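The values are calculated or read from the model by the stated rules, or taken from the named source; none is laboratory data. Just so it is clear, the structure is predicted and the values come from calculations on it, not from any experiment. Here the Cβ is made from the backbone with ideal geometry for all residues, glycine too, and neighbour counts use every protein chain on show.
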Amino acid sequence: MAASEPGSAGDALNGAQQIADAVGAASISRAYLSITRTSTAVGGLAACSAIVLVCVALYFAALPLLPRTAADTH
C-alpha cells in the first residue's frame, strides 16, 4: 500500500462487516419465521439461539488465527 492510501483497507473491511451484519440479521429472521410456521415461537427462539451460539463458538475458535501484533510497515 502506498503511503498516500492509509485507511483504504479499513473502509473495505467496514463495508464487508456491514454486509455480513445485514446478511446475518436477515438469515436469523428467515430461520425464525421458517421454524415458527411449523413449530411454536419458543421453538423458533431456541433454534435461533442455537444458531447464534454456533456462530459465536466459530468466532472464538478463529481467534487464535489472528495476528498477535501489528504488522511492521517500515
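A compact table of results
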item: Number of positions in the stretch 37-74 that are part of a loop (DSSP other than H, G, I, E, B), among the polar types (S, T, N, Q) and exposed (fewer than 10 other Cβ atoms within 10 Å of the Cβ); result: 2
item: Scope the stretch 3-38; condition polar (S, T, N, Q) and modelled with pLDDT of 90 or more; matching residues; result: Gln18, Ser27, Ser29, Ser34, Thr36, Thr38
